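No lab work stands behind these numbers, since they all come straight from the coordinates. What you are looking at is a predicted structure, and each value in this text was computed from that prediction instead of being measured. Backbone-built Cβ (ideal geometry, glycine too); neighbour counts: all protein chains shown.
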Amino acid sequence: MPTFTAPDGTELAYHVTGEGEPLVCLPGGPMRASAYLGDLGGLPGHRRLVMLDLRGTGDSAVPADPATYRCDRQVADVEALRDHLGLDRLDVLAHSAGGDLALLYAAAHPRRVRTLTLVTARARALGVDFTEEHRREAAALRVAEPWYGAAYDAYEAVWAGSATDADWDAVAPFFYGRWDAAAQAHAASDLEQSNLEAGELYASAGAFDPGAACAAAAALDARVLVLVGELDGTPLPRVAAVVAGMFHRAELAVLPGAGHFPWLDDPGGFTRIIATFLDAAGTSGSGADQVKSPVDLRTSGT
């Protein structure tokens, strides 16, 4: 398992799988180990995935200072990974809460981002958040599901601030396009893969400056893909369209029948959308123009 050292001395781990040019993947949660991303629907057949375990998650070390769990403080970790890999520019894929980290990285290091793929991603960094009304709107799409009644009652407890652990478990089906065995196993792994303390600090006060981030997004020259599931409420497709509109080189893709983890709901459709976007962005070549003294990813284990 390859590792590198963050500027504050924390040892961070990443996992590599697949062939082709590197695609750096930032997990969400917030602060969930990258293992939950699995193989992103078979995306390693198109790109070499470099999946970062954020500090204090997965195989990465716990930092000495818990304040460094805050999202903006982790931008330096992504830049340290880029430098460690020897890449002049990164293709970045971010899921869910990882979207905020990717947005802050792009704002801080715009010349280091070649493409940005935001998968059902949060955009609090841009001043866009997902509300109870958004979740209710998405939940209404699932009224015919056999699990809907119990799950919606649990959602009411979440919105009222009185949710138990059982209520949180019960709302999980809303985040998946199909509540099948694979989705249930994926949901069941959430707690053991997540650093709850870090998650509480990730978006704490001071993490975001939406005005500055919006200005940086508007000026960003990188190609951007905003991919969202049709059934997801975090974000709704119409909210994702607002986020895409903040960039001048962005496109929106809505995956039919998919939820918050679209690579589980439609692996083929998910990988086709992303591979097509990256190919169109011109990132499927040898990459010789962007590599300085790259780490040999061929021998990096998962």
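Can you name every residue in the range 69-84 that is of a type in the set (A, V, I, L, M) and in contact with a helix residue (DSSP H, G or I) (Cβ under 6 Å, 6 or more places away or on another chain)?
V75, V78, listed by residue number.
Give the number of residues within the range 134-180 that are in a helix (DSSP H, G or I), of a type outside the set (K, R) and over 21 Å from L264 (Cα atoms).
Summing the residues that are in a helix (DSSP H, G or I), of a type outside the set (K, R) and over 21 Å from L264 (Cα atoms) in the range 134-180 gives 17.
In the range 63-96, what count of residues is obtained for those that are free of Cβ contacts under 8 Å to residues at least 60 places away in the same chain and of a type in the set (A, V, I, L, M, F, W, C)?
Residues that pass the stated criteria total 3.
If you take the residues in the range 150-206 that are surrounded by 12 or more Cβ atoms within 10 Å (Cβ to Cβ) and of a type in the set (V, I, T), which one is farthest from A64 (Cα to Cα)?
V171
Against the condition in a helix (DSSP H, G or I), over 22 Å from A240 (Cβ atoms) and touching a helix residue (DSSP H, G or I) at 6+ places or on another chain (Cβ under 7 Å), how does Y105 come out, does it pass?
For Y105, the condition - in a helix (DSSP H, G or I), over 22 Å from A240 (Cβ atoms) and touching a helix residue (DSSP H, G or I) at 6+ places or on another chain (Cβ under 7 Å) - is not met.
Select from the range 206-238 the residues that are out of contact with any Asp or Glu (no Cβ under 7 Å at 6 or more places or on another chain), in a helix (DSSP H, G or I) and either farther than 28 Å from A258 by Cβ or touching a residue at least 12 places away in the same chain (Cβ under 8 Å) (or both) and list them in ascending order.
Listed by number, the residues that qualify are P210, G211, A212, A213, C214, A215, A216, A217, A218, A219.
Take L278 and decide whether it is within 19 Å of the chain's Cα centre (by Cα) and more than 16 Å from G28 (Cα to Cα).
Answer is yes for this residue.
State all residues of the range 178-218 that are among the small types (G, A, S) and in contact with a Cys (Cβ under 7 Å, 6 or more places away or on another chain); if no residue qualifies, say none.
Within the range 178-218, A203, A207 meet the criteria.
Just one of (1) crowded, with 18+ Cβ neighbours inside 10 Å; (2) of a type in the set (K, R); (3) closer than 21 Å to T234 by Cα trips up R136, so point out which.
(1)
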